[in-house]
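Nothing in this text is a laboratory measurement; each read-out follows from the coordinates by a stated rule. Since the model is a prediction, treat every value here as computed from it, not as a measurement. Here Cβ is always computed from backbone atoms with ideal geometry, including for glycine, and neighbour counts include all displayed protein chains.
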Amino acid sequence: MFSEWSNKTWLRFKAIWKRRQLDRDLNDEAAFHLSMREEKNRLAGIDAEEARYAAQRQFGNATGLKERSREMWTFASLEGFLQDVRLALRMLLKNPGFTAVAVLTLALGVGANTAIFSVINGVLLTPLPYKDPQRIVVMKRNDSLPNVSDILRQTRSFSQSGGINIDNMDYTSGTEPMQVRAGRVNAGFLETLGVPPMLGRIISQEEDVKGGPRFVVLSYPFWQNFLSSDPQVLGKTISLSGNDYTVIGVMPANFVPPREHADVFVSLWVAYPDGASERDVHFMHTYWRLNAGVTLSQAQAEISAMDHRLAELYPDSETDRRTVFLPLQESVTGSVRPALLVLFGAVGFVLLIACANFAGLLMARAVARRQEIGIRTALGAGKSRLIRQALTESVLLAIVGGGAGLLLARLGISLLLSLKPAALDRFSGIHLDAHVLFFVFGISLLTGIVFGIAPAWSVTNVDIAESLKEGARGSTSGQSGNFLRKLLVTAEFALALVLLVGAGLLIKGFSRLRSVSPGFNPQNVMTMHLQLPETRYAKIPRQTQFRVQALERLSALPGVQAAMVMDRPLSTNDVNYRVIVDGDPPVAVGAEPRAQTNSVMGDYFHVMQIPIRAGREFTPLDREGQPLVAIVNEEFVKERLPHRNPIGARIDWARAPDPPRWMTIVGVVADVKDSSLDAPADPAVYTPFPQSEQVWRRWMTLVLRTTGPVPGLVDEVKKQVWSVDSQIPITDILSMEDLMAVSLAQQRFNMLLLALFAVLALILAAVGIYGLMAYSVSQRTHEIGVRLAIGAQRGDVLRLVLRDGARLTLLGIAIGIIAALALTRLMVSLLFEVTPTDPATFAAVAIVLAVTAFAACYIPARRATRVDPMVALRYD
Amino acid sequence: MKEKCENPGDLLQGTLDLLILKALARGTMHGYGVAEWIHQTSEDILKVEEGALYPALHRLELRGLLSAEWGTSDNNRRAKFYSLTAAGKKELAQETEFWRRMSGAVARILQTA
């Protein structure tokens, strides 16, 4: 049975490729038969002509029989389908205007969706390139190595754990001194991520101890750029911060730590044993691999118990741990995830609007084709066949639209990536891959079918007799189609309103954010990062000497004001300490409030133009051996010294060695945005560099204010710094205005995209209502003519048409407002100082939409008023 | 795969298939030959619309009961020659047996008064 079937299928397939051959064979076979019969008839004595006719009579309906044979030899349904496609193609080519509008509409919708989907695919859907990434969890807060190893040993949820802390190290084996980002890790870090090295091996547990061998594992880019991809690199040594490290491994090209950027990996116990042993220095990002079968919530329950135990054992550092675990993917995509989901929702709305327009176009066309359909129905075309034909057309259009959308998406993706949202930096997988292509094909097909069905159905609801009347333009048979189109246009306006409100809220939030003062004047300020090597600058006085000399030389440059700060504003470096105030009632150990801490030198507040609210700036006299002084910001005064004169008050770091080293507050300065513009300023304490006790904080940022752009400034600064010490790497050369822009980048990205989608939605909705109104005016030409003939004024006609449009628009706006009130709550995390129900935005958007709709309706309405009654009456 | 029956009411179809198989049991021949053989053997009792022979031939070919080959006829014309396959021979035997029993049964029924 099967072989019979497969044989048949095979013969049929052969017949597809040999269509002509098949036709010829069928003809030849019949012709042969006829000629044989004819000859026999002639031999029987019948005259030639009659012989032929007789043969044909005996043979029967040759065409019908051939048709039956051909059907047998081919896939009849496939043939029908191909025929439908040919017919549809011919129809679409014959109406290039209609085809172009439909394809463009869909291309916009599909293209925007595809671009956003490809980002979502690359960021949220592609698994991270680690071993079993779904079993890796991340601690939300940083932790210390002693805690990490205690937790791993005393809990049962985890099989592995590792931590990393990024620090700059000087790399002096190259042509000029430079800094590399060193991932200071424990042995568990690379093990937990589970990516094997490309060359050599990773640091083992036995080597990850105090005094262990100085081994380094290189990242692929570092190996490529600074060691020329040397395949014999294993066993060679490189110099990092004055120490020789032996290369034992190179990581593969696709390996990047989940949330950090590192050039090299060294053992924390080897590179910085003092930090490694400190339980209270919580400076490591930690990664945890769950044991098989352990869920995140089980791990979370166990860690909470562990937190309590640690708090009991180490009350002064571990009291408020409140450890929270996050899935790896979520922690990596955390900041972009809500934005991407909102954008995906928005772009879905754009597609819906485009689809509504598409359906509207198809319906208008269905009505225009009533006569043709009527004839075909009269000739016996079946309903299902007509629907199939109409659906073939819409699906074909949708697929062509999808293809054009794909081209738009390619443009869109490069546009997206050129906006360079920093949060997307680590995702290299944003491109059109098989998933994305499948997505495009899927939504195109779905669009063609779902939005083609209603128009296809309306095609068949044709009154044959009515449609066949010469020039019939009956106003009755299009009624249900018109209702559907009005529904679609109303929906378009509702959707467009939601998008516009979303965009409006983001724009408002963004402008608020832009007008946020960073607390200093960012114009004409250049910043550079310096780090002093440990080997030569181990002591504070030596560091102070360098700082004083460098500032002296830089300040001598014409037109340049120079100062130093440890961490520049708007950087993500977040160094805070617990601070106690002299005279305050004692607080439980470990519960003292924190304050941002920063060291400065030179006229920092003056150079940055940070207003001084009370007291004075630091002077060169505030140096080592002199009374300890501090400057605090207004937020600190508000929180810690309310109702007190801050000047003269004394503060100290909590848990400082006894006796306390009180610092006297000598000044109060305005609040400065330390981390980002959208975060409120924290309480902050500034101290002079020379009075610092933290010898390990050997880095600083130069801030240089000029009166205008100074060409060659950077080179001049480098020269002056290197004249003090030629071995100091100078990195992160950024103007303060650049940093402002970086701080705004994510919000700018969200706003631009949503605004783009909203504009797209607005245009599509306008096109939609214009199309509907223009169509209904052309349908009602006769009626309008009659009205004019019996005395209606042009203004009446204008009002008549506009009223129709206004009704749809207002209904759409009303529905849209309700939907927006429900939906904008989802984007609250993206908004800055704007409530998701901001009435001003809602009102403004409603007005914009109404005005646009009015303009779109006005053109056809004007046309209606120009109807010549005489022509219109003859028209029908 | 069950053969789809285009004309369910057509009693002759099965018969026609059987006649074709029987004709070709004598050897390879073209469509015209089959038609002639049926005419002569049935002494013109079975009047077949000759064209109807061809869809039947093609159906049998598709079912793998016949094999076909283009060749040259006695009078040097291009013609399609059909012959029975092994499956065709088996089918012929089965169908012949079936007809024998069937016609015997029908005859017996008709003989009873």
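Report the one residue of A:Ile612, A:Val695, A:Asn524 whose Cα lies farthest in the direction of the positive end of the charge dipole of chain A (charges on C-beta: Lys and Arg +1, Asp and Glu -1; origin at the Cα centre).
A:Asn524
Jot down the per residue volume, in cubic angstrom and as a whole number, of the convex hull over the alpha-carbon atoms of chain A.
Hull volume normalised by residue count: 271 Å³.
Mind listing the long-range amide H neighbours of B:Met29? Cut-off is under 5 Å, sequence gap 5 or more, other chains count too, H placed in the peptide plane at 1.01 Å from N.
B:Tyr82
Under a Cβ-only charge scheme (Lys and Arg +1, Asp and Glu -1), can you give me the dipole magnitude of chain A about the Cα centre, in debye to the nearest 20?
For this selection, approximately 3580 debye.
Taking the Cα centre of the stretch A:141-323 as origin, work out the dipole magnitude from +1 charges on Lys and Arg Cβ and -1 charges on Asp and Glu Cβ, in debye rounded to 20.
480
With a Förster radius of 22 Å, plug the Cβ-Cβ distance of A:Gln545 and A:Lys718 into 1/(1 + (r/R0)^6) and report the FRET value to the nearest 0.05.
That gives a FRET efficiency of 0.65.
With a 10 Å radius around each residue's Cβ, average the other Cβ atoms per peptide and rank A:436-447, A:111-122, highest first.
Top to bottom by mean Cβ count within 10 Å: A:111-122, A:436-447.
Which of the listed residues, A:Gln160, A:Asn243, A:Phe283, is farthest toward the dipole's positive end in the stretch A:141-323, when Lys, Arg count +1 and Asp, Glu count -1 at the beta-carbon?
A:Gln160
Could you check the simple spin-label distance between B:Asp74 and A:Glu206, using points 7 Å along Cα→Cβ, in nm with one decimal?
10.0
Would you kindly state how much longer the chain becomes between A:Ser229 and A:Gln298 on full extension, computed as 0.36 nm times their sequence separation minus their alpha carbon distance, in nm to one decimal?
20.4 nm
Starting from the Cα of A:Arg322, step 7 Å toward the Cβ, then list every residue of the stretch A:132-150 with an amide N under 14 Å from that point.
A:140-142
Within the stretch A:26-53, whose backbone N sits under 19 Å from a point 7 Å along Cα→Cβ of B:His39?
A:29-53
Distance between the C-alpha centers of the stretch A:507-554 and the stretch A:580-619? Whole Å please.
17
For the residue pair A:Ile733 and A:Phe344, what label-to-label distance in nm results when each label sits 7 Å from Cα along the Cα-to-beta-carbon direction?
Placing both labels 7 Å along Cα→Cβ, they lie 4.2 nm apart.
From the cross-link list A:Lys673/A:Lys719; A:Lys508/A:Lys673; A:Lys638/A:Lys673; A:Lys66/B:Lys90, which pairs have alpha carbons spaced over 23 Å apart?
The pairs that break the limit, which is 23 Å between Cα atoms, are A:Lys673/A:Lys719; A:Lys66/B:Lys90.
Convex hull volume of the Cα atoms in the stretch A:257-396, per residue, in Å³?
223
So, R0 is 45 Å and r is the distance between the beta-carbons of A:Ala789 and A:Lys94; what FRET efficiency does that work out to, to 0.05?
Efficiency, from the Cβ-Cβ distance: 0.80.
Using alpha carbons only, how many angstrom separate the centre of the stretch A:761-824 from the centre of the stretch A:187-255?
Each part reduced to its Cα centre gives a spacing of 70 Å.
Label points 7 Å out from Cα along the Cβ direction at A:Asn521 and A:Leu446: separation in nm?
5.6
Taking each residue of B:33-43 in turn, how many C-beta atoms of other protein chains fall within 10 Å of its C-beta, and what is the average?
1
Hey, with R₀ at 22 Å, roughly what FRET efficiency would A:His606 and A:Ser511 work out to, going by the Cβ-Cβ distance, to 0.05?
0.15
Please state the Cα pair-distance histogram of the stretch B:12-111 with 5 angstrom bins from zero: what percent is in each bin?
2, 12, 22, 23, 19, 11, 5, 3, 1, 1, 0
A:Leu487 label point, 7 Å along Cα→Cβ, cut-off 19 Å on backbone N: hits in the stretch A:745-775?
A:768-769, A:772-773
For A:Lys210, list the aspartates and glutamates whose Cα falls under 15 Å from its own Cα; do not include residues on the same chain fewer than 8 positions away.
Correct list for A:Lys210: A:Asp274, A:Glu278.
How big is the antiparallel share of DSSP beta bridges in the protein assembly as shown, given as a percent to the nearest 5?
About 80 percent, rounded to the nearest 5.
For the stretch B:62-104, take the convex hull of the Cα atoms, compute a quarter of its surface area, and give me that in nm², please.
4.2
Please give the per residue volume of the convex hull enclosing the alpha carbon atoms of the stretch A:141-323, rounded to a whole number of Å³.
In the stretch A:141-323, the Cα hull volume divided by residue count equals 116 Å³.
Subtracting the Cα-Cα distance from 0.36 nm times the residue separation, let me have the gained length for A:Tyr858 to A:Ser778 in nm, one decimal.
27.4 nm
Could you give the length gained on full extension between A:Phe438 and A:Arg613, defined as 0.36 nm per residue of separation minus the Cα-Cα distance, in nm?
56.9 nm
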